[in-house]
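Single-structure report; data block below.
Derivation of every value follows stated rules applied to the coordinates shown; laboratory data play no part. Since the structure is predicted, the reported quantities are computational estimates derived from the model, not experimental observations. Cβ placement follows ideal geometry from the backbone for every residue including glycine, while neighbour counts extend to all protein chains displayed.
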Amino acid sequence: HLMASYTLTRHLRVRFVPGLSFQERALLYRFAGNAEQLERTSAVNLDVPLLLKWRTDRMTNVAAYALGGVKYLRDFQSQEDVRQEEDILRLRSGNVALDLGAGIDIFLPFFKLAIQAKTEHGLLNVLLPGQGELTSPLEFLRTRSFVLSVCFEG
């Protein structure tokens, strides 16, 4: 990911952090008779987030912060354009998500180390309707993820 940051006030910044993320999604289906099937799909997403970062005052060499904002995601491995000939789980390629998180900045002699935990909650229905046994029981599908990041800033 690349990062651009603009300082609004002493404690508040606007961040733009576009990048690629590689993900694996999993859905566990439970059918009648205790049969289970795990359906996995992979994704290569272009993430385009716009975040607000509120940081506390620096105490010695550490400062805590909170993040919040929205992001647009584009899945390059989406099955959106594939014809529905077989029973596959098809998801839309575009999505909008809400990001919330927190972290700490550790100021070292030559760089700043940031460790953050963030959760992403999709706002749109990414499920493409189908007639197969994997898609017909579902009406709505949103994405959710948890991200742990380690950032080095010069």
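For segment 16-75, list the strands (runs of 3 or more DSSP E) that sit wholly inside it and hold at least 3 residues that are surrounded by fewer than 12 Cβ atoms within 10 Å (Cβ to Cβ); which are they?
Qualifying strands (runs of 3 or more DSSP E): 19-31, 35-55.
Each row is one residue, and each column tells you yes or no for (1) in contact (Cβ under 8 Å) with a residue 60 or more places away in the chain; (2) of a type in the set (Asp, Glu); (3) farther than 29 Å from Glu153 by Cβ.
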| site | (1), (2), (3) |
| --- | --- |
| Arg92 | no, no, yes |
| Phe110 | no, no, no |
| Glu120 | no, yes, no |
| Pro129 | no, no, yes |
